[in-house]
Amino acid sequence: TKRGCYVATSTDSLLKPRPYTTADDHEAWVISRVVILQCWMRSVRARRRVRRLREERDARTRALIEKERRRRELSDRKRRREIESRLHPKSNKDFEVLYNGLETWRLQETVKINASGYSEPARLAALADLLDQEAALIQKIDRLQITANEENRERKIVRLLDAMSSSKRWTVAKLGTVHVDTPNTIRARELKDLYHALNVPLVSVDERLQILLHVKYTVKEFDCNLTREVVELIDREGDLVSRGREAKSMEGLRKRISNLFLQFIQTPEFNPEAALYQKFPDAGQSWKRDQAVYYCRSCTRYLSSTEFYLSTTLTHLGKCKSCTTDANLAVSRTDDSVYSDLLRLLRLQESQRRARSGVPKDPHYNAMSLLQESDARYIVETLWNRQSAVSGSRSVESLVLTRWNPDLELSPWNCILLTKPEAATHDRASVPEDQYSEEFVRKIQQKHRAARKHFAQLPAMEKYLRRAYVENGGGKMVPVATTEQPPPQLPTATAGGDRVFEDE
């Protein structure tokens, strides 16, 4: 305010000076705030990591608990199956286990008697008593086997008839599963009802005659040796029934009629649906063939090829299945069920590993699919001496075959026999040679060479070897994945006719 000028102060504001902040102080303040933000950020990231680690730990714990639960379930199921197979044997494998147990018991009792210090007459008497006990047990097992064979046959027939008479099923996008009856399935259902009616045990005379008449008119639609024999047997039973014969005296006749009518049902000319359930043309129709295909040297019968056991190194069929089983039960009483389980487990594991790795390109064509139980026995007992290659454990139930080289598929020349924990440790190594000594690796390679020499005699295995392995520049067989050379020509044969393969 001055003379001639007035400035009001009512709107003025009072400013007080604040503490002066230098550039260093401002930088220090920014750094302190950044440190605080970093602390919170690291805290959040740490909490998230701890939460993730805790979730992973819980997932691993749950996986271990689930794995242990599955292991216990499998163990309990296996134990129950073994108990059931011993108490109520049904298959040939179950009876092989029984005979194997009987042979083990006989050998143990023989050792006890010989080591008891009996006098010679007392020892011979004890052995004779042991022989009587063994004969009694064999008779019991034979009776069980007869009963089981009859039950299995009836069960197989019922499953076959149900499959033939079941409706056709198609999956439709909007309607779901559609069931359709065709003329063939209707025909098969009518024949199934007639077959079951023929086997009903307690029926009146009028009902039995009506069933026989219906069956007779059904088979008379066709004229052949089989139908004429069925008609003749039906007329014979009808005559006996009208004369008042007891049903017990006609059991054999009724059994013949039932079996012949079953052959009638299984013939595609009379039941077109049966053609879908035949392994080969004219299967089970021996009345249409003059003789079978292959000769059994033991029972001197001509049988089809399905009645013989096959092996990868088989040069001739030899004995049929029944003669081989009888010879095993009478002499060695060996149990191959453990090898069948081992082979089934190997194929399952390989199918899973091939699905993950994609080796080989064709999942249905591999070395393990060509092997049989006898080949698995040869690999375990002959090549690996029935023991773990690392620990020497001889418990066959705990031994498994796993890949030696994890990059190549499982085969007799790329495997190692280990216990399950040892196999888990071995599979985690990418290069197995690094965790074993040179001498151990040399022994394993020798076993692989012996396996390749043994299994290369099979034409199908030779074809597989030629497809999966090629010769390198040095003339040695190496996997196809390790070379880009084209497959060579067929190998030359030696004087004995065997194919020659070089070792890797």
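Points to keep in mind about this one:
- If you go through the range 213-231 and keep only what is among the acidic types (D, E) and surrounded by fewer than 13 Cβ atoms within 10 Å (Cβ to Cβ), you end up with E221, D223.
- If you filter the range 119-153 down to residues that are open to solvent by 60 Å² or more (accessible area, probe 1.4 Å) and among the polar types (S, T, N, Q), you find that the one that is nearest to the chain's Cα centre (by Cα) is N149.
- Scanning the range 435-457 for residues that are closer than 22 Å to M368 by Cβ and open to solvent by 30 Å² or more (accessible area, probe 1.4 Å) yields Q445, Q446, K447, R449, A450, K453, H454, Q457.
- Any hit, the range 394-401, residues being among the basic types (K, R), at negative phi and modelled with pLDDT of 85 or more: no
- Among the candidates T104, T110, T61, the residue that is modelled with pLDDT of 85 or more, polar (S, T, N, Q), within 28 Å of K321 (Cα to Cα) and within 49 Å of the chain's Cα centre (by Cα) is uniquely T104.
- For the range 154-173, the set of residues classified as open to solvent by less than 80 Å² (accessible area, probe 1.4 Å) and either free of Cβ contacts under 8 Å to residues at least 24 places away in the same chain or in a strand (DSSP E or B) (or both) consists of E154, V158, S166, S167, K168, V172, listed by residue number.
- Meets criteria (out of contact with any strand residue (DSSP E or B) (no Cβ under 8 Å at 6 or more places or on another chain), open to solvent by less than 70 Å² (accessible area, probe 1.4 Å) and more than 17 Å from V200 (Cα to Cα)) for L253: no
- Only one of the numbered conditions (1) touching a residue at least 12 places away in the same chain (Cβ under 8 Å); (2) out of contact with any strand residue (DSSP E or B) (no Cβ under 6 Å at 6 or more places or on another chain); (3) open to solvent by 50 Å² or more (accessible area, probe 1.4 Å) is not met by Q210, and that is (1).
- Any chance K93 is in contact with a Ser or Thr (Cβ under 6 Å, 6 or more places away or on another chain), within 30 Å of V331 (Cα to Cα) and either in a helix (DSSP H, G or I) or open to solvent by 60 Å² or more (accessible area, probe 1.4 Å) (or both): yes
Per-residue answers, yes or no, for (1) open to solvent by 30 Å² or more (accessible area, probe 1.4 Å); (2) of a type in the set (A, V, I, L, M); (3) part of a helix (DSSP H, G or I); (4) modelled with pLDDT under 80:
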residue	(1), (2), (3), (4)
P363	yes, no, no, yes
N366	no, no, no, yes
R386	yes, no, no, no
P421	yes, no, yes, no
A424	yes, yes, yes, no
A429	no, yes, no, no
E433	yes, no, yes, no
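The values are calculated or read from the model by the stated rules, or taken from the named source; none is laboratory data. Quantities reported herein were computed from a predicted structural model and do not represent experimental measurements. All Cβ positions, glycine included, derive from the backbone under ideal geometry; neighbour counts span all protein chains shown. Just so you know, the surface numbers come from the protein's heavy atoms only, side chains and all, with ligands and any DNA or RNA stripped out. Shrake-Rupley method; radii C 1.70, N 1.55, O 1.52, S 1.80 Å.
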